[in-house]
Amino acid sequence: MAITYRFRFTDEFLVAAMLKYRSQLWWRRPFQGLKWVLALALAGLFALCVAYQLRWPALAFAAVLGALVLGWPIDKALLLWRFRKSPFRDDDLEFTLSDVGVLTVGKTSEIRLAWSAYTKARRFNDGLLLFQGPHLFNWLPDTAAVQEDGPVAAQGLARHHIKDYRDV
């Protein structure tokens, strides 16, 4: 049985896929809380420097605080800036998963991969993330599944063919 996913590879889709990818990285989780604790401490130090009229330390604390707070918006802007030159931007893609492997068809490409090309899979409550190595991945949201039972069947195929499969 073949399971089909259809979606447009837009800027929004890319950002959603990147957020899913980052959310499953175990080493990023502790840094989220640490980031906000550090931001509060830097804000306090900045306020002290302003109160005591220490201009250069205040600028240094403000710069680091700005980098902490604006890190993701800057990262997102760079991601989208690079993506705008991609020939795959705004392409209508169709992913077909079967026992043989995965076939991806777009306006400008056709890619066929065996299941052995996928190194790991992560199942989220709203989709499936398939990896072809440490940083190359495909996000398949449940809403893009053509068949009603597509997400469940895709989960079964991934679980059967990919050794490193986990629910996140």
- Any chance region 14-26 includes a residue that's under 17 Å from the mean Cα position of the chain (by Cα), loosely packed, with under 13 Cβ neighbours inside 10 Å, under 30 Å from T143 (Cβ atoms) and β-branched (V, I, T)? no
- Message: Going by what's in this entry, would Q32 be described as among the polar types (S, T, N, Q), modelled with pLDDT of 85 or more and surrounded by fewer than 14 Cβ atoms within 10 Å (Cβ to Cβ)?
- Response: no
- Query: Within region 70-168, which strands (runs of 3 or more DSSP E) (wholly inside it) include 1 or more residues that are surrounded by fewer than 17 Cβ atoms within 10 Å (Cβ to Cβ)?
  - Reply: 91-97, 101-105, 110-114, 120-124, 164-167
- Query: From the residues in region 143-162 that are in contact with a helix residue (DSSP H, G or I) (Cβ under 7 Å, 6 or more places away or on another chain) and among the hydrophobic types (A, V, I, L, M, F, W, C), which one is nearest to N125 (Cα to Cα)?
  - Reply: A145
- What about L128, is it under 17 Å from the mean Cα position of the chain (by Cα) and among the aliphatic types (A, V, I, L, M)? yes
- Which residue pairs have Cβ atoms closer than 7 Å, lie 6 or more positions apart in sequence or on different chains, and pair a first residue in region 72-98 that is free of Cβ contacts under 8 Å to residues at least 60 places away in the same chain with a second residue that is loosely packed, with under 11 Cβ neighbours inside 10 Å? P87/T108
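The values are calculated or read from the model by the stated rules, or taken from the named source; none is laboratory data. Source: prediction; values computed, not measured. A quick note on method: Cβ atoms are made from the backbone with ideal geometry, for glycine too, and the neighbour counts reach across all protein chains shown.
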